[in-house]
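Structure, as C-alpha cells:
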Amino acid sequence: MKGMNRALIPQDTDWWCKSVVYQVYPKSFNDTTGKGIGDIRGLTQKLDYLKDLGVDIIWLQPVYVSPQRDNGYDVADYYRINPDYGTMQDFEELSQEIQARGMHLMLDIVVNHSSTEHVWFQEARLSRDSEYRDYYIWRNPAPDGGPPNNWISKFGGPAWQYDETTNQYFLTLFDKTQADLNWENPKVRQEVVDILEFWAEKGVDGFRMDVINLISKDQRFLNDDGSTIPGDGRKYYTDGPHVHEYLRELHEKVFAKYNSVTVGEMSSTSLDQCIRYSNPERNELSMTFNFHHLKVDYPNGQKWELMPYDFKMLKKLFSDWQIGMQQGGGWSALFFNNHDQPRALSRFLDDGEYHTESAKLLATTLHGLQGTPYIFQGEEIGMANPKWSDIEEFRDVESLNMYRILQEQGKSEEEALNIIRERSRDNSRTPMQWDSTPNAGFTTGTPWIKVDERYPQINVQAQLEDPNSIYYHYHKLIRLRKTVQVITDGEYQCLDDAHPQVYAYQRSNAQETLVVISNFSGQNAQFVLPDSLYSQFKNQASGSVELLIGNTKHAPELDQVITLTPYASYMWIFR
Ligand code: TEU
C-alpha cells in the first residue's frame, strides 16, 4: 500500500516518533516488601532513575489480578490490581508521579484472551446458555471426540481444552488457562472499550496491545493442512479477516478520544500488514512490534531448535522493514530485547570479553534506525542471560511445557535443557540488578527467580559510577534522538548488504546524512566507505563530518577503507 512517506515529511511526526520507551516487567523490577517479587511502589521508587536515563514512556506490563500462570498475561480481573503488586492507590500514585516528571505511562492490555479464572469464563463454562458463553470460542468435539481441529498452542500441545460440563472444547492459543476471547461478539468488543476507557481515565497515556493481531479468527476453524510452515493453524487466526475493522473501532471509540499512543504486538505478521496497522491515515495503531529479526537463529522458523544466527538475514530484515515501512508510511517499534526473548547481548554477540562493546553496538545500531526504540529493563546496563544449572531454576510456563515436550519428542534431558537454556523467556526475566548488595538490591527476601550471578559487576550503581558505561551510551543515544532530526526522518539505505561481518546503513534528509557502521563479529573487519560518502568526507570544505557516538576509545579515521576492531560500532553525521 502506498502511503505517506515519513522520510520526506520531516515535520509531520508525532511526539512519540522522537520518544524512547522503557519496558518494565514489574515482577522483576524492584521489590519494596521483601516478598521476593517486584511491585508498583518499587517502580515509583525508581522513576528518577528512569527520568535521568531520559526515557519518555514507561510500558508497564500486566499488574492486574491474575493467577500468574503466565506472569500476568492471564488476566482474571481487568479492573483490579493484583495484591502482590500493590493497590489501586499505588497505581494512581505511580501514574501521577510519572506525569509529574513529564513522562508517559503505557499500559499492557491483554484482550486476545483472559484467564479461565475470570468471572466471564467461570460463568461461561457453567452452561451453553450462559450470557457469557459467547465471550469465548467454543466448538463441538470432532467426530472422533477429539479437539475440533489440529491447531497447536504457542506454548505447546493442543490449542483446545475439553470442558466436560458442556461437552465442548474452548480455544486456548497460549496456555490452557488462557481462553481466547470471541471478538466476533460485539459485547466483547464493548468490554474492551470499557477497559481501555477505565485506564485512560486514570491517566494512562498509551497501550501496548498483547498479540492483538490474533483477535480475529477465520470462523470456519479449518484444520491446518500443513502446506505452510509451521502448519499449526496460525494462518487461520493471524492478521485475521476483521482485525483492522476491530482496531479502527478501538481507535474511534478510545485511542482518538484520549490521544493514546498505541503499539500492537504482532505475532507472525507481515510487512504489508504492519504498514496497514500503523500508517496514521488508517486510524488503527501508532506503531507495531514485529519479530522477524528475532527468528534469524530459528532453523526453518523452528524456535525449539538451535543454530548460530544468520547475520546477513538479520541485516536484510532490518533493511526490508526500514525501507518498506518508510515507503508505506508505517512506524515500527525498534527492539532487540523484551520479556519473551533471551537477552540479545548473549544471543547474538559477546557477553564476556567484549561485553561492553557488544551492548553498546546493539544500542547504536538500533537507535539509529527509523522508529521508536524500546529499552527492556536491564538492557541499558548490559544485563545478560544467566547461567542456568538445572530445570528447577526455570519458571516460565512455555519453557517448562517445552522441556517436557522436547523429551517426549526424543531429546535427552541434557539436550532438552540445552535448548531451554538458549531459548527460555526466563533469560530476560531475572531480577533487575540495582547494586552489588545481596540479590542485586532487588529484594530483601527470596527472589521468585534466580538473580544472574554477575550482578556484583553488572548493576546500575556500577554503571552510574563509570562515565564510559553502557548506561551513559544509552543516555547519549536517547538525547541524540531528540536533537538529530535525521534520526527521525532520514531516508534509510543499507551500505553493504553482502558484508559478512559489518552492518552499515545511512539515513539522509536534505540537510544531513547519518552513517552507522557496526562490526558484528569478534574479528577485525575491513569496510569500504561508499564513494559518495568518502568524497563528501574528503571535500569537507563543503561540509563537516562529526563522530556522534562510538564504542571504542578511538574511532577509526574515516578513509576509503575503514578497519573495525571486534564489535566496534560508530555513528557519524555528515552535514
Ligand atoms: O507474547 C506472544 C508471543 O508472541 C510470544 O509469547 C511467543 O508467542 C511465545 O514466546 C512463543 O514463542 C505475548 C506476551 O508478550 C507473552 O509474554 C505472553 O505469554 C503471550 O502473549 C500470551 O499473552
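The values are calculated or read from the model by the stated rules, or taken from the named source; none is laboratory data. These numbers come from a predicted model, not from an experiment. Note that we place each Cβ from the backbone using ideal geometry, even for glycine, and neighbour counts take in every protein chain shown. Just the protein is used for accessible areas: all its heavy atoms, side chains included, with ligands, DNA and RNA removed. Shrake-Rupley method; radii C 1.70, N 1.55, O 1.52, S 1.80 Å.
A few remarks follow.
- For Lys316, a cut-off of 19 angstrom between C-alpha atoms picks up these lysines, skipping any fewer than 8 places away in its own chain: Lys295.
- Shape of the chain from the C-alpha gyration tensor: prolate (a/c of 1.5 or more and a/b above b/c, with a ≥ b ≥ c the square roots of its eigenvalues).
- On a per residue basis, the convex hull of the C-alpha atoms belonging to the range 147-205 measures out at 127 Å³.
- For Lys187, the lysines whose Cα comes closer than 16 Å to its Cα, not counting residues fewer than 8 places off in the same chain, are Lys253.
- Rounded FRET efficiency, nearest 0.05, which uses the C-beta distance separating Arg220 from Ser389 and R0 of 35 Å: 0.15
- Label zone of Met307 (point 7 Å out along Cα→Cβ, amide N under 19 Å): in the range 423-453 this covers 423-424.
- Straight-distance crosslink candidates among aspartates and glutamates, where the alpha carbon sits under 12 Å from Lys46 and sequence neighbours closer than 8 are dropped: Asp31, Glu97
- For Lys316, the shell of other residues with beta-carbons less than 13 Å away shows a net charge of -1, using +1 for Lys and Arg and -1 for Asp and Glu.
- Accessible solvent surface per residue of the range 359-499, calculated while the other protein chains remain in place, 1.4 angstrom probe, Å²: 35 Å²
- Length gained when the stretch Glu201-Tyr472 is fully extended (0.36 nm per residue, less Cα-Cα span): 94.0 nm
- Amide H contacts of Ile58 (H built 1.01 Å from N, in plane; Pro and chain starts excluded): Tyr22, His104, Leu105, Met106 sit under 5 Å, all sequence-distant by 5 or more or on other chains.
- Modelled label positions at Tyr79 and Asp496, each set 7 Å beyond Cα in the direction of Cβ, lie 6.0 nm from each other.
- Diffusion coefficient, µm² s⁻¹, Stokes-Einstein with Kirkwood Rh over alpha-carbon pairs of the range 255-339 at 25 °C and 0.890 mPa s: 178 µm²/s
- For the chain, relative contact order (Cα pairs under 8 Å, six or more residues apart, normalised by length) works out to 14 percent.
- Under the simplified labelling scheme, the Gln511-Asn167 pair shows an inter-label distance of 7.2 nm, with each label point 7 Å from Cα along Cα→Cβ.
- Put simply, the Cα atoms of the range 482-568 extend 35, 27, 27 Å along their principal axes, the longest span coming first.
- Angle of helix 397-408 to the longest C-alpha principal axis of the chain, folded into 0 to 90 degrees and rounded to 10: 80°.
- Approximate shape of the range 407-472 as ellipsoid semi-axes (Cα gyration tensor, √5λ), whole Å, largest first: 31, 15, 8
- For the range 148-253, the alpha-carbon coordinates run over 44, 34, 23 Å along the three principal axes, in decreasing order.
- With θ taken as phi - 60° and the Karplus curve 6.51 cos²θ - 1.76 cosθ + 1.60 applied, the whole-hertz 3J(HN,Hα) list for the range 317-330 is 5, 4, 5, 4, 6, 4, 5, x, 5, 5, 5, x, x, x Hz, x standing for glycine and proline.
- Only DSSP H runs of four or more residues enter the estimate; each adds -39500 (n - 2.57), and after division by the residues of the chain the mean residue ellipticity at 222 nm equals -8000 deg cm²/dmol.
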